[in-house]
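All of the numbers you see were taken from the coordinates with simple rules; none came from a lab. The structure presented is a predicted model; accordingly, all values stated were derived computationally and were not measured. Note that we place each Cβ from the backbone using ideal geometry, even for glycine, and neighbour counts take in every protein chain shown.
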């Protein structure tokens, strides 16, 4: 098991990530390490994705994300899996979002290459996937004026 500290992605960055991925009604979004579920909620409510799935290993954050989905009234379109994202099949994802460390992204690379089909978009907040070529890199300011980097990769065009 890999530990990644929980740092919530600011909402302007969440929106920039989903916009960079061109998320829309045909998409299935997976958020690896979904924390409080904010990306799932924005994906469903603002980008009208077909389905949003979070994977969260921390039991308290998992419960928090489930509660948020219920409170937002999007139970039919969003869900959270309590588990390790290295162990959960993500092959139906068309968009993957993540805010993980570069070392974790590197460990995830074989899984992403094996399970995602060509054309799937992978959007990373701040940290690159070593060995992959970004499709697009965007700088985004949050509500406090801090600069964040959003990196878009497209499976099949990533090498």
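Before moving on, here are some points about what is shown:
- The calculated 222 nm mean residue ellipticity attributable to helices in the chain amounts to -9000 deg cm²/dmol, summing -39500 (n - 2.57) over DSSP H runs of n ≥ 4 and dividing by all residues.
- Contour minus Cα-Cα distance for residue 111 and residue 149 (0.36 nm per residue): 11.4 nm
- The label point for residue 48 and the one for residue 157, both projected 7 Å from the Cα toward the Cβ, are 2.4 nm apart.
- Under 11 Å from the residue 19 label point (7 Å along Cα→beta-carbon), backbone N, the range 141-157: 141
- Between the range 26-74 and the range 82-159, the alpha-carbon center distance in angstrom: 17
- Rg(Cα) / (2.2 N^0.38 Å) computed for the chain, rounded to two decimals: 0.94
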